[in-house]
Amino acid sequence: MDIKKHSGFVAIIGRPNVGKSTFLNRAVGQKVAIMSDKAQTTRNKIQGIYTTEETQIVFIDTPGIHKPHSRLGDFMVKAALSTLNEVDAVLFMVNATQKRGRGDDFIIKRLKEVKKPIFLVINKIDQIHPDHLLEIVDDYRKELNFQEVYPISALQGNNCEELITAVSAILPEGPQFYPEDQVTDHPERFIAGELIREKVLELTREEVPHSVAVIVERVQREDEEKILVQATIIVERSSQKGILIGKGGQMLKTIGTKARKDIELLLGDKVYLELWVKVQSNWRDKQTDLKALGYRQ
Ligand code: GDP
Ligand code: K
Ligand code: MG
């Protein structure tokens, strides 16, 4: 007997830091979206692909919807909103440890116009007392109709399998879109750049804001054992360049070492990573620069 195959596209939406990337990475079992405790680290639509014999779910990690402050911000909001009309289901992720806020309400307003099944995913339940759960569910239920409600911990894994199974069940019957060993359709170059950016945000704390971008110029096999990766970190001010390089180059070295380890996991080979830092003021507002950096509309 043939196994019935279901496949489809599922958007994950939620305000910054609710745990979208963490869930996505857990679902596909590999690091495809960067995680950070700072808001708005995910800029592009990253597709994580979950494949079993019966199911293929192509997850789209939408950038957090927020009030735009620049061209890049505006781009991110538009990208997130357009995604909602192209998918088979939407996961609306909220943070169990925070009250419903303006960010959630902004999304709810948009979701009211979405005709696709919406799952309410209440994340970070590892941090709350179970008694509070019903209250949270009611609070969102009075705003929107949900297909189903799932309390999860993306970090610890609780209920994630169940959520994936429930989502699979409502996807249309049809062939799979991607080969089963493919977890993302983004080029490895892009992910490598995201991994470098993740380390920058992690290690520089408040000093270097989100104005940092990373361009991976080259990913090239050097010999049988080694892959050369060359990348440039772009900042807006020379003071930020100083911070990134650090005393005697120490900061850049640490960023490089940490990023290299992750890129080695990604590429499955030894990596030689060369990093540069370049100042380019106001890149966020220059349309041409955005295109050059790969943020296509
Ligand atoms: P995103 O902005 O929605 O993609 O959120 P991230 O996946 O980057 O997560 C933001 C922060 O929340 C990170 O520090 C995660 O480790 C943390 N986080 C995500 N999921 C959980 C969870 O289930 N429980 C706890 N305690 N923390 C979580
Ligand atoms: K984040
Ligand atoms: Mg994210």
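The values are calculated or read from the model by the stated rules, or taken from the named source; none is laboratory data. What you see is a predicted model, and the numbers here were worked out from it, not measured in a lab. Note: ideal-geometry Cβ built from the backbone for every residue, glycine included; neighbour counts use all protein chains shown.
Things to note:
- For the stretch 152-203, a residue qualifies if it is out of contact with any strand residue (DSSP E or B) (no Cβ under 9 Å at 6 or more places or on another chain) and assigned to a loop (DSSP other than H, G, I, E, B), and the qualifying residues are GLN156, GLY157.
- Test: VAL212 is in contact with a Lys or Arg (Cβ under 7 Å, 6 or more places away or on another chain) and among the hydrophobic types (A, V, I, L, M, F, W, C): yes
- Residue under evaluation ARG71, criteria (1) within 15 Å of the chain's Cα centre (by Cα); (2) more than 16 Å from ligand 1 (Cβ to nearest atom); (3) at pLDDT below 85, criterion not met: (1)
- Counted residues, the stretch 195-220 - those being farther than 20 Å from GLN280 by Cβ, surrounded by fewer than 19 Cβ atoms within 10 Å (Cβ to Cβ) and touching a residue at least 12 places away in the same chain (Cβ under 8 Å): 3
- Yes/no for ASN145 being under 20 Å from GLY14 (Cβ atoms), of a type in the set (S, T, N, Q), outside the structural domain of ASP262 (by TED's automatic domain parsing) and within 16 Å of ligand 1 (Cβ to nearest atom): no
- Considering only residues in the stretch 129-157 that are surrounded by 12 or more Cβ atoms within 10 Å (Cβ to Cβ) and over 24 Å from the mean Cα position of the chain (by Cα), the one that is nearest to ligand 2 (Cβ to nearest atom) turns out to be ILE136.
- Residue in the stretch 204-221 that is modelled with the lowest pLDDT, counting only those that are part of a strand (DSSP E or B) and out of contact with any Ser or Thr (no Cβ under 8 Å at 6 or more places or on another chain): ARG221
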